[in-house]
Structure formats: structure tokens, C-alpha cells
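The values are calculated or read from the model by the stated rules, or taken from the named source; none is laboratory data. All values derive from a computational prediction rather than experimental measurement. Every residue, glycine among them, receives a Cβ derived from its backbone with ideal geometry; neighbour counts consider all protein chains shown.
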Amino acid sequence: MATAALVKRLMEHIAQHPDSSTVAALRELMNDSTIKTTADSADSTDSSVSSPLSIAEASRLLGISAYTLRYYEQQGLVHPGRNTSGYREYSAFALRRLVFISRMRVSGMTLGDLKRYIALVEQGSATVAERRQIMVEQRSRIQRQINELSLALEVTDYKIEVYGGQADEEMR
């Protein structure tokens with residue numbers, strides 16, 4: 001399946017089912033056998049993406065503004081290629097990285113932590129242990145956020161019931 005189709009499927013699933021797991025789509029998207037692991041898109045023979053995407057196409061696909069994509073590039077988080085006219089082209093590798101970055105930003109990872117993580121990724125396999133530790137710490141932060149939001153939801157449900165309603169009435 002083409003990278004763009006995988007990203008589209010993942011982003012649509014997240015939008016339509018925010019409470020459900022997107023693990024299957026995410027694993028397929030992040031699988032190294034699905035998407036080439038090197039950033040060398042100029043001489044890529046990667047059959048998982050038919051052609052690189054323009055900044056407008058990548059923006060639309062990922063739900064990220066073109067301004068944000070350019071900002072991520074300025075910060076060294078992603079390195080899109082350039083076509084002969086000088087326009088940005090987002091390869092499968094760049095799209096995969098942008099999915100990761102966008103999910104980490106949604107989860108509250110700071111730009112500084114992302115920069116540190118991406119710098120370690122670009123240093124190669126010698127940094128795996130440090131990257132794993134960053135992800136373990138991020139997972140812990142996310143779990144705390146989930147717990148805090150669950151408590152906030154319970155308090156909100158309680159107040160709705162106090163006011164004579166049912167907690168799930170807005171969902172109907």
C-alpha cells in the first residue's frame with residue numbers, strides 16, 4: 001500500500017474514532033519493510049510511495065499547516081527533498097517522520113525533546129538505548145495525562161448527573 005494511502009487511513013481513523021486503537025494502521029505505516037528507512041529519496045526505488053508529495057499535499061494529508069511543515073524543517077526535525085524547481089517534496093520517509101512528530105506534539109512532547117530525539121535518530125543505532133529512554137519517559141507523561149483526563153471526565157459526568165442529566169446524553 002502506498003505511504004500516502006497509509007497516512008490517510010491512519011489520520012482518518014484517528015479523526016473518526018479518537019478513542020479507538022490505531023495500532024494496526026500505525027504498525028503498517030511505521031514498518032521498515034513498508035517504507036524505506038533511509039532519507040535518501042533522490043535515488044529511491046521505494047515502491048511504497050509512487051511519488052513524493054508537495055508541501056500542499058503533505059499538509060492536506062497530515063492535517064498540518066504548510067507553515068508548520070516549514071517550521072519543522074527550519075528546526076531540523078524533517079528534511080524534505082527539493083525538486084528541480086526548488087519546491088519541497090515529502091518522501092515516504094519524511095511523511096513517516098511527520099506522523100511521528102505530529103503524534104508526539106499532540107501528546108505534549110516539547111519541541112526541545114523532539115529535537116533531541118531526532119538528533120539521536122540521525123546519529124544511528126548507537127543511540128537506541130537513549131531513544132528508548134526518551135520514549136519510556138514520554139509514555140509515562142502520556143499515561144499521567146490520560147489518568148488526569150479520566151478523572152476530569154468522571155468529575156464532569158458527576159456534575160452532569162447532579163444537574164439532572166445523563167453523562168452520555170451529548171453522545172446521543
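A few notes on this one:
- Unique match (being in contact with an Asp or Glu (Cβ under 9 Å, 6 or more places away or on another chain) and small (Gly, Ala, Ser)) among Ala56, Ala92, Ala126: Ala92
- Within the stretch 119-136, being out of contact with any Ser or Thr (no Cβ under 6 Å at 6 or more places or on another chain) and farther than 27 Å from Leu149 by Cβ holds for Ala119, Val121, Glu122, Gln123, Gly124, Ser125, Ala126, Thr127, Val128, Ala129, Glu130.
Residue-by-condition table, conditions (1) without any contact (Cβ under 8 Å) to a residue 12 or more places away in the chain; (2) over 29 Å from Arg141 (Cβ atoms):
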residue: Ser65; (1), (2): yes, no
residue: Thr68; (1), (2): yes, no
residue: Tyr72; (1), (2): no, no
residue: Gly76; (1), (2): no, no
residue: His79; (1), (2): no, no
residue: Tyr87; (1), (2): no, yes
residue: Leu95; (1), (2): no, no
residue: Ile101; (1), (2): no, no
residue: Arg105; (1), (2): yes, no
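- Helices (runs of 4 or more DSSP H) contained entirely in the stretch 60-172, each with at least 3 residues that are out of contact with any His (no Cβ under 8 Å at 6 or more places or on another chain) and more than 25 Å from Ala15 (Cα to Cα): 111-123, 128-162
Conditions (1) surrounded by 20 or more Cβ atoms within 10 Å (Cβ to Cβ); (2) at pLDDT 85 or above; (3) over 23 Å from Arg116 (Cα atoms), marked per residue:
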residue	(1), (2), (3)
Thr34	no, no, yes
Ala56	no, yes, yes
Tyr71	no, yes, no
Pro80	yes, yes, no
Ala94	yes, yes, no
